[in-house]
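Colleague: So that we are looking at the same thing, I have put the structure below in structure tokens.
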Amino acid sequence: MLIRASLLSAPALQELHFEADGGLLVDGQGAFSDTGRFEEVAARHPELPVEDLRPCWILPGLVDLHAHLPQYEAVAADGLELLPWLERHIFPAEARFADEAHARATARRYLQDALSLGTTTAVLYATIHAEATDVIFQEAESCGIRAVIGKTMMDRHAPAALCEDTRTSLRQSEELCRAWHGRDGGRLQYAFTPRFAPSCSRELMLGAGRLAQNYGAFIQTHLGENLQELEWVRELFPEADSYTDVYRRFGLLGPRTLLAHGIHLAPSERNIIRELGCNLVHCPSSNAFLQSGIMPLRRWMEEGLSVGMGTDVGAGPSLSMFREMGEACTASKLKRAVQQVQSTHLKVMTGLSEDQKFQVSEALDLNPAPALDGTGAFYLATRGGAMALGLGDQLGALGKGFQADFLVVDVRLSDPFGQASTDPAQVLSRLLYRSDPRMVQSAYVRGRRCFHRA
Ligand code: GUN
Ligand code: ZN
């Protein structure tokens, strides 16, 4: 089957690729075997029937690098910062995953909703419960989504119902990894998931790092999200130079490591992250929701750090990566505006030498960086996410040889007059800033349709 539609992708941070009248062919292995201008692709395959999807557009499937599936029932519980929010709203919701039926119902709903909003790859935290983690894998296997999933590990500073014995946590995580890592030709993968340093003993982190290394699995955790959290980590790990250094000491950092948030990072921490090839996950809606801060995204990227994007549900209120892209642009613009205002104030301040002003500007990051635009956000949510998973040559674009993970999007739903514009930058901007929950018509993973709007 040859598909005809407008094709839109962002294979690089500043590169929007658009084919107004495009053709797309998927082979039996679920990869794109031909793509380009419709007339040319059709001429190469005159025998094939054509599925004409116009005026819908085709986009690469979106990659959500960080979300907590069990927190779906607790989304948008507002008013608190990270640590009290975890205690008050999140731990009770996670404790309910001891009930397998509840876990299955939540997993089904979550994965269907994620696909319906355009997420074809999801990197997910489960809870400490091995059975519930297995159930999430089962549901991901049957619905067809591409997923990296891990049983959350916590052996201290957690409520009794969520606090594990260290050995049990390591053993159950290893069993789940053996059962699921690489399943269905690599569509499902395992991530060892020490929640964050405060809820993990040194032994647990060391063990998780070793296991991930043995199995070639991912590691996911949280880093540098909230100022109270930073203070707590300093108290708990006086031997470490920094929060990032805690993870480095216990063998958790490498190219298969996903570090969520990374808002508050000293230069030495950024050096470790870059040198060890770890990946940061930008979660702008969560960062705003929990009043955690604004990640200096552009600065981190200019320094050469690998960054993708995540919704961080339930701190992020929506499963939509379209919305998350809009939030990333908004956060980046606000960061720049604040930098401009403050650096202007600093310039006219008296009593400071030029040298002191320079030092303040550096320490407070007041040098305005250019704001993230729609193309950049689209890149981070597609190919950038794929790169963070080590799949940059296979996922996140519409080129020949890439995995056929794609969306059919009715772009008219984000247009004020229901029109199908042909200006790619304008359409993209509207998809991000005015996303409509009904605009994804279907979602495909490796050429298999996993979601279709009736
Ligand atoms: N840090 C540790 N656990 C969590 C969590 O569940 N959500 C967020 N946003 N940060 C965390
Ligand atoms: Zn999180």
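Computed from the coordinates by the stated procedures, all read-outs in this text should not be read as laboratory data. Please read all numbers here as calculations on a predicted model, not as lab measurements. Cβ atoms come from the backbone with ideal geometry, glycine included; neighbour counts cover every protein chain shown.
Colleague: List 294, 273 from most exposed to least, where exposure is judged by having the fewest other Cβ atoms within 10 Å.
Modeller: Ordered from fewest to most neighbouring Cβ atoms within 10 Å, 294, 273 come out as 294, 273.
Colleague: Taking just the alpha-carbon atoms of the chain, what radius of gyration and Dmax come out, in angstrom?
Modeller: Just the Cα atoms of the chain yield Rg and Dmax of 22.1, 78 Å.
Colleague: Taking other Cβ within 10 Å of each residue's Cβ, how do 387, 309, 321, 1 sort, fewest first?
Modeller: The most exposed by this proxy come first: 1, 387, 309, 321.
Colleague: Also, I was wondering about something else. May I ask for the Rg/Rh ratio of the stretch 295-373, computed from Cα atoms with Rh as the Kirkwood radius, given to two decimals?
Modeller: Answer for the stretch 295-373: 1.09.
Colleague: What is the set of long-range amide H partners of residue 309 at a cut-off below 5 Å, with H atoms built 1.01 Å from backbone N?
Modeller: HN-HN under 5 Å from residue 309: 65, 282, 385.
Colleague: If the only charges are +1 at each Lys and Arg Cβ and -1 at each Asp and Glu Cβ, what is the size of the charge dipole of the stretch 123-168 around the Cα centre, to the nearest 20 debye?
Modeller: 180 debye
Colleague: Now, a different point. Where does the chain land at 222 nm, in deg cm²/dmol rounded to the nearest 500, when only DSSP H runs of n ≥ 4 count, each adding -39500 (n - 2.57), divided by all residues?
Modeller: -11500 deg cm²/dmol
Colleague: Let me ask you something else. Taking neighbour counts of Cβ atoms within 10 Å as a proxy for exposure, in what order, fewest first, do 163, 329, 278 appear?
Modeller: 163, 329, 278
Colleague: Test of understanding: extend the Cα→C-beta vector of residue 291 to 7 Å, then name every residue of the stretch 75-117 with backbone N under 11 Å from that spot.
Modeller: Under cut-off, by backbone N: 79-82.
Colleague: Let me ask you something else. Give me the base-10 log of I(q)/I(0) for the stretch 39-130 at each q in 0.11, 0.13, 0.15, 0.22 Å⁻¹, Debye formula, one uniform scatterer per Cα, rounded to two decimals.
Modeller: -0.50, -0.60, -0.71, -1.16
Colleague: Let me know the Rg and Dmax you get for the stretch 406-454 when you use only its Cα atoms, in Å.
Modeller: 11.5, 34
Colleague: Is there a quick way to get the dipole size of the stretch 334-385? I mean about its Cα centre, with the Cβ of Lys and Arg at +1 and of Asp and Glu at -1; what is the value in debye to the nearest 20?
Modeller: Using only the charged Cβ atoms, the result is roughly 200 debye.
Colleague: Looking only at GluC sites (Glu not before Pro) in DSSP loops with at most 14 other Cβ atoms within 10 Å, what is the longest site-free stretch of the chain?
Modeller: 48-238
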